[in-house]
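The values are calculated or read from the model by the stated rules, or taken from the named source; none is laboratory data. What you see is a predicted model; the values in this text were computed from it and never measured. Note that each Cβ is placed from the backbone with ideal geometry, even for glycine, and that neighbours are counted across all protein chains shown. The protein model used for the area step is the full one, side chains on, heavy atoms only, and it has no ligands, DNA or RNA in it. Shrake-Rupley method; radii C 1.70, N 1.55, O 1.52, S 1.80 Å.
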Amino acid sequence: MDWKLELVFVPVSDVDRAKDFYVNKVGFNPDFDERPMDGVRFVQLTPPGSACSICIGEGLNDAPPGTAPSLQMVVSDIQAAHDHLKGNGVEVSDIDIQDWGHFVYFADPDGNKWAVQHIPGR
């Protein structure tokens with residue numbers, strides 16, 4: 001039996017601001033933005049090529065904004081990822097080169113932390 005992680009909740013204070021950040025600055029695909037009932041808004045966003053999405057919204061979770069666990073994506077070209085983020089106005093770290101991977105770090109407007117990793121030799 002496969003166990004696939006396909007959705008991670010990211011708590012935010014302003015859904016529209018967060019959606020704009022993830023779609024227009026980071027480059028996630030906007031999959032859904034629905035209000036299935038009063039008091040609930042479900043927004044699903046997916047990084048290009050990923051089998052796992054994030055969801056943001058209203059009435060979904062009581063976690064305080066900015067308290068998502070550290071999240072990580074893997075890319076084939078860390079320089080291109082860095083340039084993309086920086087070129088879109090994301091405050092991104094310099095490239096951190098370690099033996100086990102090359103990383104850049106950023107946070108969304110609420111402080112949810114992200115790492116982007118390139119794994120050499122993969």
Can you name every residue in the range 1-50 that is among the aliphatic types (A, V, I, L, M), over 11 Å from the mean Cα position of the chain (by Cα) and surrounded by 15 or more Cβ atoms within 10 Å (Cβ to Cβ)?
Val12, Val15, Val43
Residue ID - nearest to Lys19 (Cα to Cα), chosen from residues in the range 50-75 that are modelled with pLDDT of 95 or more and among the polar types (S, T, N, Q):
Ser53
Looking at Gly121, Gly89, can you tell me which residue is part of a loop (DSSP other than H, G, I, E, B) and either over 26 Å from Pro64 (Cβ atoms) or among the basic types (Lys, Arg) (or both)?
Gly121
Applying the selection to the range 61-85, what residues are over 19 Å from Thr46 (Cα atoms), in contact with a Gly (Cβ under 8 Å, 6 or more places away or on another chain) and open to solvent by 70 Å² or more (accessible area, probe 1.4 Å)?
none
Restricting attention to the range 35-46, does a residue exist that is touching a residue at least 12 places away in the same chain (Cβ under 8 Å), within 16 Å of Ala115 (Cβ to Cβ) and of a type in the set (Ser, Thr, Tyr)?
no
For Cys55, only one of the following conditions fails: (1) part of a loop (DSSP other than H, G, I, E, B); (2) open to solvent by less than 60 Å² (accessible area, probe 1.4 Å). What is its number?
(1)
